[in-house]
Structure formats: structure tokens, C-alpha cells
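As C-alpha cells, the structure follows; a few thoughts come after it.
The values are calculated or read from the model by the stated rules, or taken from the named source; none is laboratory data. None of these values were measured; they are calculated from a predicted model. Reconstructed Cβ throughout: ideal geometry from the backbone, glycine too, with neighbour counts over all protein chains shown. All accessible areas refer to the heavy atoms of the entire protein, side chains included, with ligands and DNA or RNA removed. Shrake-Rupley method; radii C 1.70, N 1.55, O 1.52, S 1.80 Å.
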Amino acid sequence: MKITRLKAKRGGRYCIDGEIVSRDTLDEICKKFLNAEGLAAMWHKVIDSGVCVIDLDFDRDENKILAIKNAELAKEREKNAALEKKLMQFKIKAAKYDGLISAMRTQTV
């Protein structure tokens, strides 16, 4: 993530990877990834040099999290399929029972 400070008439304007954002928005975004010391260092570097590059490597973590979530979804789908199978078995039993009850009623009447 490349943070740059563009000089303007009133203070400065800030960009994240070429997209202009407000100071508050920049601060909120950076708070998600940096602690208080890192945030202060980022602001000092941006104000002093005009550019700060923060290397955030999410690819490994994101792929790991996605793999875990996909495995959890697969387990849930298996559980749902087993429950649906049981439900169908119970529906069949209920239909047979209803059929027997109606047959018994028609014979006694």
C-alpha cells in the first residue's frame, strides 16, 4: 500500500495507491493494520518525505483462511445432506403411516 501526500493550498491531500482520500479515512484504514507506534511512524514519514510504502502481505493469510472456511462449508454441506436424507426417510414413514391410518378408517366405516 503506497501512501502519498500531495501538497495543496490548505495542508495536504493524501492518496492510497493513487486514490485520493481524506486524512480521517486514511487514519481509519491504517488503524486496521498498524498499532499506535506504527501509525505515528507512518504519519511522520508521510509528512516528512511525502511518501510511505507499507508492505502488507495478505495473500498467504487470506488463502489459508479461505481454505479453512471452504473446509468448514464442505462439512456443513455434508451435515445438511445427511439431515435432508433423514428428513426424507421420515417423510416416507409418515406417508406410509398416513396411508395405513386412512386404510384402517375406510375399512371400519
Go over the candidates Ile54, Ile65 one by one and state the one that is under 22 Å from Leu6 (Cβ atoms), out of contact with any His (no Cβ under 9 Å at 6 or more places or on another chain) and at pLDDT below 85.
Ile54
Looking only at the stretch 26-51, filter to residues that are free of Cβ contacts under 8 Å to residues at least 24 places away in the same chain and in contact with a strand residue (DSSP E or B) (Cβ under 8 Å, 6 or more places away or on another chain); which one of those is most open to solvent (accessible area, probe 1.4 Å)?
Lys45
Single condition Ile68 does not satisfy, out of (1) open to solvent by less than 100 Å² (accessible area, probe 1.4 Å); (2) closer than 17 Å to Asp17 by Cα
(2)
